[in-house]
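A short worksheet on the structure shown next.
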Amino acid sequence: MVVTSTATVESTYDRKSELMAIDRSKAGIKGLVDAGLAKLPRVFVHDRLNLEIKSGPPPANVEIPVIDLGGVDNDSTRRAETTNQIKNACQKWGFFQVVNHGIPVTTLEEMINGIRRFHEQEPEAKEELYSRDESKKVTFNTKIDMSQALTAYWRDTLTCVMAPRPPAPEELPAACREIMLDYTNNVMKLGVTLFELLTEALGLKPNHLKEIGCAEGLYVMGHYYPACPEPELTMGTGIHTDSGFLTVLLQDQMGGLQVLHDNQWIDVIPIPGALIINLGDLLQLITNDKFISVYHRVLAKNVGPRISIASFFRTYIQPDNALRMYGPIKELLSEENPPLYKETNVVDYFKFKHIKGVEGTSALAHFKL
Ligand code: OGA
Ligand code: NI
């Protein structure tokens, strides 16, 4: 079938030049689609193993938890209930959705619209931001990796490093400048609330997670997944775990995000007005596996576009932060719960995060004792 015919082109396939041609166009996947592409370039075709995992039957009645944050700031009973729900979700799922989180629906809608406007504007306006230079605070690119044998994903992404030191407003693209600032202010506030609730759920002294810097660095990715002519051959986002502390994800109503739970891929059903929260590898590391970071992926579809915005609370490298150490939190350890991970500093963690590279392999294993 289609997969077999792919194998026959293998010998003539020059991965690097295919990738470079896509990069040189500076127009992203959307540029390919707009040019009328009918068959996927080889770099987007994922291997058979991943495609096979793709076809598991969806289990009935299993859904990631939906948690109501209403009242947590002024009602101690509600706060205790909510903390308990968060604790369960973080132990069993590593993923949950929140409603009544305090960010107005109009802000969420405008953020999705702003990211859409950015990706759908004239290619010339995006070109100047097209870059893989990770020292830049604002970049636009297609998720392909030049140095490693990773398969490319069917998506374009605008990345903005918004905290601790945001770019000057004029560095942000005009198509989404105001809403990017407004939305990320809101996400930073929500982050503080979430880290407080997580601190309580872990039974730590107030502000512990905030004090070790979990809520300081925010890295925002505005993804655009165009409709794909051969969705069964590729992935919107391949199987991965997030590497930071916590991710706040805003998705539109298209669907396609799946979470691995009990060896099954579970759809994360879009709920209007809700936000998805998931934990990253570094939170699993500092909680010594009390809370988990789980694999997830986004299927490619023949309809679209799908828009999502992932805001990652994570470490950042600045002179003042580079040597900060992260290891299992002492208060969570005991004779029965010995540390499972070694301590690492921010620079080393970043180095490893960047070389990990193998799809479906979490960076955590590297830090295991
Ligand atoms: C991510 C991610 C999911 C999505 O950016 O790490 O998992 O729905 N995104 O785009
Ligand atoms: Ni992710």
Practice problem: Compute the separation of the alpha-carbon centres of the stretch 287-355 and the stretch 203-217 and state it in Å as a whole number. | Solution: 14 Å
Exercise. Please identify, among SER311, SER243, SER334, the residue showing maximal mean-square fluctuation in a Gaussian network model of the chain using a 10 angstrom Cα cutoff.
Key: SER334
Self-check item: Of all accessible heavy-atom area on the chain, the percent that carbon and sulfur account for (1.4 Å)
Solution: 54 percent
Quiz item: Given the stretch 76-211, what whole percent of its Cα pairs are spread farther than 22 Å?
Solution: 54 percent
Quiz item: Under a 1.4 angstrom probe, counting protein chains only, how are THR247, THR151, THR106 ranked by accessible area, largest first?
Solution: THR106, THR151, THR247
Exercise. Run a plain Debye calculation on the chain (Cα atoms as equal point scatterers, no solvent) and give log10 I(q)/I(0) at q = 0.11 Å⁻¹, rounded to two decimals, same order as the q list.
Key: -0.77
Quiz item: In a GNM of the chain with a 10 Å cut-off on Cα contacts, which of LEU285, LEU37, LEU198 has the highest mean-square fluctuation?
Solution: LEU37
Self-check item: Per residue accessible area in Å² of the chain, where ligands, DNA and RNA are left out and the probe is 1.4 Å
Solution: 45 Å²
Self-check item: Accessible-area value, ILE103, 1.4 Å probe, nucleic acids and ligands omitted, Å²
Solution: 10 Å²
Quiz item: Most mobile of ALA274, ALA300, ALA38 per a Gaussian network model of the chain (Cα springs, under 10 Å)?
Solution: ALA38
Quiz item: Across the stretch 229-369, how many lysine pairs separated by 8 or more positions, or lying on different chains, have Cα atoms within less than 24 Å?
Solution: 15
Quiz item: Put GLU335, GLU110 in order of accessible area, largest first, 1.4 Å probe: what do you get?
Solution: GLU335, GLU110
Quiz item: aspartates and glutamates near LYS30 by alpha-carbon distance under 19 Å, same-chain residues fewer than 8 away left out - which ones?
Solution: GLU18, GLU120, GLU122, GLU124, GLU127, GLU128, ASP145, ASP156, GLU230, GLU232, ASP252
Quiz prompt | For the stretch 129-227: lysine pairs under 27 Å (alpha-carbon distance), excluding those fewer than 8 apart on one chain | solution = 6
Exercise. Express the C-alpha Rg of the stretch 69-124 as a ratio against the empirical globular expectation 2.2 N^0.38 Å, rounded to two decimals.
Key: 1.68
Self-check item: Theoretical FRET efficiency, 1/(1+(r/R0)^6), r = Cβ-Cβ of LYS137 and ALA35, R0 25 Å, to 0.05
Solution: 0.25
Quiz item: Would you list TRP154, TRP93 from the most to the least accessible area, probe 1.4 Å?
Solution: TRP93, TRP154
Practice problem: Evaluate 2.2 N^0.38 Å with N set to the residue count of the stretch 220-369, then give the Cα radius of gyration divided by it. | Solution: 1.15
Exercise. Kindly report, to the nearest 10 Å², the accessible surface of MET162 as traced by a 1.4 Å probe over protein heavy atoms only.
Key: 20 Å²
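The values are calculated or read from the model by the stated rules, or taken from the named source; none is laboratory data. Predicted model, so just to flag it, every value in this text is computed and none were measured. Here Cβ is always computed from backbone atoms with ideal geometry, including for glycine, and neighbour counts include all displayed protein chains. Calculation scope for accessible area: heavy atoms of the full protein, side chains included, ligands and nucleic acids excluded. Shrake-Rupley method; radii C 1.70, N 1.55, O 1.52, S 1.80 Å.
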